[in-house]
Amino acid sequence: METNGVGGSAADMSRILSELETLKTAKNDIDRRISALEAQLRDTTNIQDKNDTVSNGSCPLISAVHSNINHDLTPDSVYRYSRHLLLPSFGVQGQSNLLKSSILVIGAGGLGSPALLYLAACGVGRLGIVDHDVVELNNMHRQVIHTEAYIGQPKVKSAAATCRSINSTVQIVEYQEALRTSNALEILSQYDIVVDATDNAPSRYMISDCCVVLGKPLVSGAALGLEGQLTVYNYNGGPCYRCLFPTPPPTSACQRCSDSGVLGVVPGIIGCLQALEAIKIAGAVGEPLSGRMLLFDALSARIRIVKIRGRSSQCEVCGENSAFTQQQFKNFDYEKFTQAPLSTLPVKLNLLPEDSRISSKEYKEKIDNGEAHVLVDVRPEHHFKIVSLPNSINIPLASLEVRLPEISKALKEEDNSGSGASLYVVCRRGNDSQRAVQCLQKMGFNSARDIIGGLESWGHDVDPNFPTY
Amino acid sequence: MDVTDREIKTKNAECKPAENKGSSVQIKVLFFARARDLTGLTELPLELSSGSTAQDCLNKLVARFPSLEEILGSMVLALNEEYTNESVIVQDKDELALIPPISGG
Ligand SMILES: [Zn+2]
């Protein structure tokens, strides 16, 4: 009976699967026919509209009998954007301005995702998307424009597809490339408004300078951890990014989400606010957030708006005596200026001589051979809690010097043969581990060696099931 | 900018009760972004002798949290939610905010 039952259900399953397949094919076919007919209908309506416009022009009074329309919104647009049109303070004029505007969103990540969703939905005329990255699984918790099906594919492609599926009437332009001084002027010059949704300091300076040179308003948002910031720069005589921050912060002061963590909804909120500010500027309504900075604090549920300085007459880029030209912009080295890379690739330091380092594979061999050793993991405690190698002890880099006795003690305990135990140091990517080895060797632990590439290389080269984050 | 700064000073001076002169003032320091990481605090009450400037506050803060030094050159300083500079004199119950830029997204 049981065997029969199983056999029966296997047959059922294959019948269901094949029926599903047939139905899906039929559905796709119907969808295609529907969308072709809709397109045909749109074209016909457009031709009729154009004819109406012509007759309107020649004889407005007669045409006004069937409908009196004093704007250029199509019947489809009137219906699609009706809730905007019903807003007295936005209305036909606001929507009409929006439909004629062009907005460039740089970055299709945590900030860009919600910004793009709303900008596409609200009916911006032309929407540009710049990003060079691909969609990854660890993006999904905050980059809500992407779906799992697009993992491994370019973010621009994924974001553009979603935007088009929300609003097929918006012209979406894809720039699947990193923004650099060599292409920034050409790309930004084609848009009315720029939205900075990037994740690093050099890009922020570069985009702000480019907007000053081209005279474009810049809606700048940022989010990290549980905090967000939002400002409109270079608008109506307001300050630029450099007026506020003439000196870039030191590299350590500007961590990226990839290193520091971010609660997904925080960039979501800032990205939505960026869309709102861009829509206000494009629609020419309200009071943009220029000369003011919004500070969002998720943990305490507080939003503060701080009045910031006006344009600085001494600003090196937008100041009265500044002669920052397009050519100077093209030649400016933003990575050098901010001491940080434009690309999202993490920096790979090389601080130690070769004999002070071993690969993750070599370390695996040492374990397999039963070599007496101590493994110190110098990542912060909350990293250690995510995942760690067996038998490693966690001493974060910041407290390494005061906790040296713990290492001495562990080495003594491991030293069974009396010939000494080795000391290895690991971190997430292999940078802090090198700093730790430098420190340890200075303090007399001469045999200390670091594992090249850290836990990332362990996951890559030794144990593919080791969780990466 | 000078005009704005003078305006802030005047406004603060007007709000300040005369009998406070000569005694100390208590202000609240607000930390944002990296300043929060470095101090481990979101805010801190700070007592200063009256007539102290924002720079005096910063000096006092750096003495207590030496790592704050790294962001001093690159942050927005706001007094009572308005842009200010280091030379402004702080008044009793003022809120001084240290706002370094966030770059993430
Ligand atoms: Zn400026």
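Side notes on the structure shown:
- Boolean, B:Ser103 is among the hydroxyl-bearing types (Ser, Thr, Tyr), touching an Asp or Glu at 6+ places or on another chain (Cβ under 9 Å) and within 10 Å of another protein chain (Cβ to nearest Cβ): yes
- Note on segment A:434-469: residues that are of a type in the set (Ser, Thr, Tyr), under 16 Å from A:Ser388 (Cα atoms) and in a loop (DSSP other than H, G, I, E, B) amount to 2.
- Filtered residues of segment B:83-105 (kept if of a type outside the set (A, V, I, L, M, F, W, C) and more than 24 Å from A:Gly271 (Cα to Cα)): B:Tyr83, B:Thr84, B:Asn85, B:Glu86, B:Ser87, B:Gln91, B:Asp92, B:Lys93, B:Asp94, B:Glu95
One line per residue, one yes/no per condition, for (1) of a type in the set (Gly, Ala, Ser); (2) facing another protein chain (nearest Cβ under 7 Å); (3) within 16 Å of the ligand (Cβ to nearest atom):
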site	(1), (2), (3)
A:Pro217	no, no, yes
A:Val262	no, yes, no
A:Leu276	no, no, no
A:Lys280	no, no, no
A:Leu289	no, no, no
A:Phe296	no, no, no
A:Leu299	no, no, no
A:Arg302	no, no, no
A:Cys315	no, no, yes
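- Against the list (1) closer than 26 Å to A:Leu349 by Cα; (2) more than 19 Å from the chain's Cα centre (by Cα); (3) among the aliphatic types (A, V, I, L, M), the condition A:Met206 fails is (2).
- Matching entry among B:Ala78, B:Ala35 (being under 10 Å from the mean Cα position of the chain (by Cα) and at the interface with chain A (Cβ under 10 Å from one of its Cβ atoms)): B:Ala78
- Test: residue in segment A:351-374 that is closer than 30 Å to A:Gly107 by Cα, surrounded by 14 or more Cβ atoms within 10 Å (Cβ to Cβ) and in contact (Cβ under 8 Å) with a residue 60 or more places away in the chain: no
- Within segment A:150-173, being more than 15 Å from A:Ala115 (Cα to Cα) and of a type in the set (D, E, K, R) holds for one residue alone: A:Lys157.
- Residues of segment A:413-430 classified as part of a loop (DSSP other than H, G, I, E, B) and modelled with pLDDT of 90 or more, total: 5
- Residues satisfying the stated conditions in segment A:349-373, i.e. part of a loop (DSSP other than H, G, I, E, B) and not charged (D, E, K, R): A:Leu349, A:Asn350, A:Leu351, A:Leu352, A:Pro353, A:Ser359, A:Asn369, A:Gly370, A:Ala372
The values are calculated or read from the model by the stated rules, or taken from the named source; none is laboratory data. The model shown is predicted, which means the values in this text are computed figures rather than measured ones. All Cβ positions, glycine included, derive from the backbone under ideal geometry; neighbour counts span all protein chains shown.
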